[in-house]
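Peer 1: Take a look at the following structure, please.
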Amino acid sequence: MSASCSTAQWLTDALVAPPTEAISATELARLRADLARDLHTLGADLPAGERLQIDAFKVLVAHRHPDRCMSNDDSFVPSPRLCRRAVGVAAVNRCVRGLSAGPAVAVAKVLADGLEDLSGESASGVRAPWWAQWYAGLAQGGRAVVAAEAVTWATQLYTALEWTSLPGFPVIGGRDDWWQCPGGSQLVLKGRVEVRSLVQRRLALLVVGTGRCQVDWRVELGYPGLVAALVRDAQVAPCRVVGVWPQSGQVRVLPVDLPMLRAAATALVSAVATWVDGRIEAQRMALASGHSALAGSRRGVNA
């Protein structure tokens with residue numbers, strides 16, 4: 001227990017340490033303009049009518065498995081593993097605010113509230129969480145799996161930090177960062193982090209990873225830091241991004257400076273180019289397949 005507390009305090013200190021790097025507003029504006037230009041050029045090559053939404057997962061897929069970028073299926077199918085974060089961050093938020101005694105109690109409350117919001121959604125106008133409709137249709141066994149996944153995830157985040165040592169009130173979960181590439185492009189960037197804490201007027205971000213930390217962890221952490229810098233018109237970028245991989249006990253700290261943002265932008269542009277090429281190739285193959293089927297049907301008619 002003492003070792004766990006010591007690790008949590010170290011991680012907390014690393015997250016909220018004073019910023020060590022400075023990025024001027026001019027440098028940040030130039031980075032934003034350069035990236036917008038590069039992404040707009042790539043977006044112009046997308047097949048007509050297609051919209052490409054990029055998140056950290058897609059950036060990593062493009063770098064690790066470029067052959068998978070031909071898929072045009074962005075459909076989302078809920079599962080206990082996919083909704084554990086949404087339930088878990090709400091549960092941790094309750095724990096940190098002193099509304100629940102622990103993750104298990106908090107998760108049960110979040111799930112119950114989701115069902116209640118769903119039942120009264122039309123009458124009260126309160127919008128139920130995205131997972132509520134799916135969760136409501138599960139049998140008791142399925143609901144138990146959802147709760148178990150969420151409790152595990154929430155416990156890992158809740159015990160990772162010394163919450164009382166964070167300055168002010170951190171944002172746990174919260175809205176994702178979105179950046180629409182300017183100029184009418186069909187490219188949209190989405191950045192997601194688990195915790196945002198303000199350190200000397202700059203954000204410190206914490207990201208929870210899955211499995212073990214990979215060799216390209218700078219890409220994995222750099223992407224949400226870059227999107228956070230893009231969406232705030234502003235004058236400041238985050239000061240650091242901390243990554244935690246609870247399943248393997250690994251931690252990485254990535255200070256945010258101009259070279260780091262430039263490297264993240266380069267990795268992003270490379271990933272987008274791979275996805276755009278994949279979409280173009282998928283369209284070409286679909287057209288070729290359609291022509292082959294049409295030619296076959298004509299031969300059959302002539303015969």
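Peer 1: State the extension gain, in nm to one decimal, for the chain segment bounded by Ala286 and Ala48, taking 0.36 nm per residue of separation less the distance between their alpha-carbons.
Peer 2: 84.3 nm
Peer 1: Which order do peptides 48-60, 79-91 fall in by mean Cβ count within 10 Å, highest first?
Peer 2: Ranked from most to least packed, the peptides come out as 79-91, 48-60.
Peer 1: Please state the relative contact order of the range 82-160 as a whole percent: Cα pairs under 8 Å, 6+ residues apart?
Peer 2: In percent, rounded to a whole number, it is 42.
Peer 1: Something else now. Per 0.36 nm of contour for each residue apart, how much would the distance between Thr164 and His63 grow if the chain were fully extended, relative to their Cα-Cα spacing?
Peer 2: Result: 32.6 nm gained on full extension.
Peer 1: I'd like the FRET efficiency for Thr41 and Asp113, computed as 1/(1 + (r/R0)^6) with the beta carbon distance as r and R0 of 41 Å, rounded to 0.05.
Peer 2: Efficiency, from the Cβ-Cβ distance: 0.35.
Peer 1: If you take the beta carbon distance between Val77 and Ala144 as r and set R0 to 30 Å, what does 1/(1 + (r/R0)^6) give as a FRET efficiency, to the nearest 0.05?
Peer 2: Once the sixth-power term is evaluated, E becomes 0.95.
Peer 1: Helix-only estimate, please: 222 nm mean residue ellipticity of the chain, summing -39500 (n - 2.57) across DSSP H runs of length 4 or more and dividing by its residues, to the nearest 500.
Peer 2: -18000 deg cm²/dmol
Peer 1: Follow-up question, since we're still on this one. Kindly identify the chain as rounded, prolate or oblate by the Cα gyration tensor criterion: order the square roots of the eigenvalues as a ≥ b ≥ c, call it rounded if a/c is under 1.5, otherwise compare a/b with b/c, prolate if a/b is larger, else oblate.
Peer 2: oblate
Peer 1: Further question on the same structure: Among Glu220, Glu21, what is the fewest-to-most ranking by other Cβ atoms within 10 Å?
Peer 2: In order of increasing Cβ crowding within 10 Å: Glu21, Glu220.
Peer 1: Can you give me the distance in nm between label points at Arg175 and Trp134, each placed 7 Å from the Cα along the Cα-to-Cβ direction?
Peer 2: Computed distance between label sites Arg175 and Trp134 equals 2.3 nm.
Peer 1: Identify, among Gly142, Ala86, Trp130, the residue whose Cα sits farthest towards the positive end of the charge dipole of the range 82-160, taking +1 on the Cβ of Lys and Arg and -1 on the Cβ of Asp and Glu, with the dipole about the Cα centre.
Peer 2: My answer, from the dipole projection, is Ala86.
Peer 1: Can you give me the long-range amide H partners of Leu203? Hydrogens built in the peptide plane at 1.01 Å from N, cutoff under 5 Å, separation of 5 or more residues or another chain.
Peer 2: Cys239
Peer 1: Compute the FRET efficiency between Arg127 and Val105 as 1/(1 + (r/R0)^6), taking r as their Cβ-Cβ distance and R0 = 35 Å, and round to the nearest 0.05.
Peer 2: Efficiency at R0 = 35 Å is approximately 0.90.
Peer 1: Follow-up. If you place +1 on the Cβ of every Lys and Arg and -1 on the Cβ of every Asp and Glu, how big does the dipole about the Cα centre of the range 229-290 come out, in debye to the nearest 20?
Peer 2: Dipole about the Cα centre, nearest 20: 100 debye.
Peer 1: Assign unit charges at the C-beta atoms only (+1 for Lys and Arg, -1 for Asp and Glu), then state the dipole size of the chain relative to its Cα centre in Debye, rounded to the nearest 20.
Peer 2: 160
Peer 1: So, one more: Between Thr7 and Arg97, what is the spin-label point distance in nm, taking each point 7 Å from the Cα along the Cα→C-beta axis?
Peer 2: 2.9
Bear in mind that the values in this text are calculations on the coordinates, not laboratory data. This one's a predicted model, so the numbers in the text were calculated from it and none came from an experiment. Please note: Cβ atoms are built from the backbone with ideal geometry, for glycine as well, and neighbour counts cover all protein chains shown.
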